[in-house]
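Novice: Below: one structure in structure tokens.
No value in this document is a laboratory result; all are computed from the given coordinates. Model, not experiment: these values are computed from the prediction. Positions of Cβ are backbone-derived with ideal geometry, glycine not excepted, and every protein chain shown enters the neighbour counts.
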Amino acid sequence: MSTDLTVQQVQQAVPPNLKTAVTQALVDQVNQISADPLIAEQIRNNYISYTGVLKDGKFKTEDYLHAVAYVSYKLMGYTNQDAYFKTFPTRHAALVAKGTSSKDISSYVHAYNKGKLVNLIFEQTLVPTWVLNQDLHQKALNVQADLMMHANSELVRSNAANSILTHLAKPKEAGPLINLELNQNSGMNELRELLTQMAQKQRDLIASGVPTKEIAEQKIIEGESTRA
């Protein structure tokens with residue numbers, strides 16, 4: 001099955017102000033960006049994914065295509081110069097034919113790599129650190145939960161309980177967020193709710209002067225924390 005993009009697909013991806021600029025010739029250029037079918041598919045996917053950088057209408061669609069191709073090559077591990085040459089093979093051939101020095105070519109590549117459009121697209125490719133480090137976030141919560149239940153110091157237990165309450169608190173309303181499809185099952189939700197309830201109760205008991213030993217012997221029964 002062909003993975004080539006159609007005019008309609010590209011028009012749906014770009015901002016409204018650029019829909020009329022999407023022609024069959026432009027789409028053909030996107031589809032024929034590389035002779036390697038795997039690389040071509042990667043660039044096509046990225047072309048659709050990063051069209052948000054065009055919303056201000058400051059960049060030409062052809063320049064955008066070249067920048068996407070350059071960033072795509074960079075993401076595949078190519079050096080700045082190799083990515084530049086693969087993106088602009090005709091320009092590379094012309095520079096070599098003119099006898100352009102390696103220093104000058106490096107300067108051109110450096111300038112392109114630092115360009116605004118290229119870096120706006122690079123920003124779109126970055127994965128937030130909180131996504132990359134989700135496992136560490138959960139491990140940190142586990143440590144805090146253990147301290148809350150078993151630490152000898154009442155201050156440590158109280159601080160751990162407060163930390164859990166803070167990090168499991170309902171997030172404040174914010175602007176539109178990217179849906180990363182990080183679905184959670186009911187068990188995880190129940191555990192989160194239970195830990196939050198326990199943390200609050202532990203703080204209340206510590207504040208009321210209940211002995212640490214007695215608090216440590218609490219048991220979890222049907223989602224509630226009770227004293228043994």
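Novice: For Y50, Y108, Y84, which order do you get if you count the other beta carbons within 10 Å of each Cβ and list the fewest first?
Specialist: Y108, Y50, Y84
Novice: Ranked by Cβ crowding within 10 angstrom, fewest neighbours first, how are I206, I48, I164 ordered?
Specialist: I48, I206, I164
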